Every structure is written in structure tokens, then in C-alpha cells.
Amino acid sequence: MSPIIKLSDNAASRIKEIMSDAHKGSVGVRVSVKSGGCAGMSYVMEYSKEINPSDEVIEDKGVKVFIDSAAIMYLLGTEMDYKKEEFSSTFVFNNPNETERCGCGESFKID
């Protein structure tokens, strides 16, 4: 079975950086999905202090990412990347399940 999310090298190194600066007690980064944004859903990334029993744990390129169980069906096959641009740098989710994405790139829709 292929992983729910694949991490690009850039995303993995950025998560390593984030975790080295993280508050003590953080065990990894959690990715979830919430309702909101102009297209209906948006990605959420936050520090995780504990592993929820229902989390799916992705270990890739030396980092751990916890996937919220409610987000799994939306994220299958997604590649998580990290892009640095002149004025901003951000994690980008290349999700094959998206049927629509809003113009600002902050939210998406899955039919």
C-alpha cells in the first residue's frame, strides 16, 4: 500500500528545521483538513504533542507526520512539498483528489 502522503525532500528538510525549533514535548507535525475557505476545505498543519490512537503515522525521509484520521480520505496520494518564493514560503499539497482549488490556493474541494 502506498503512503497516504509522500514528502518531497524540501518538505522533509523544512519539517526537520521546524521540529528542531519546536517547543519541547512536540512529537511531530499533524496534518488535518478543516471546512472553510472559498472552495470548501483547507489544509491545517500544527505541532503535535501526542499521537492520537486514530492518527495515521507517516515516517518518510527521517521525519514523522501524523495524519488526522478524518483527513485520510481527502489526502490519499498527496505529495507534500515546501516552496520558497521571494515574499513567502509555504507548504504545498499536490493532491490528486482535488476537483477544484480556489484562486488564492488556500482551499480546495473534493467531489
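The numbers here are math on the coordinates, done by the rules we state, and not lab data. Not measured: the values here are computed from a predicted model. As a convention, Cβ positions derive from the backbone with ideal geometry for all residues, glycine included, and neighbour counts pool all protein chains shown.
Things worth noting here:
- Where Cα atoms sit under 18 Å apart: lysine pairs in the chain separated by 8 or more or lying on different chains: 15
- Length gained on full extension, CYS102 to LYS61: 11.7 nm, using 0.36 nm per residue less the C-alpha separation.
- The stretch between ASP9 and LYS24 holds 3.0 nm of extra length on full extension. This uses 0.36 nm per residue minus the Cα-Cα distance.
- Around the Cα centre of region 5-109, unit charges on the Cβ atoms of Lys, Arg, Asp and Glu (plus for the first two, minus for the last two) sum to a dipole of about 120 debye.
- For a paramagnetic label modelled on GLU17 (point 7 Å from Cα along Cα→Cβ), amide N atoms under 18 Å away belong, within region 82-111, to 82-93.
- Estimated translational diffusion coefficient (Stokes-Einstein, Kirkwood radius over Cα pairs, 37 °C, 0.692 mPa s) of the chain: 228 µm² per second.
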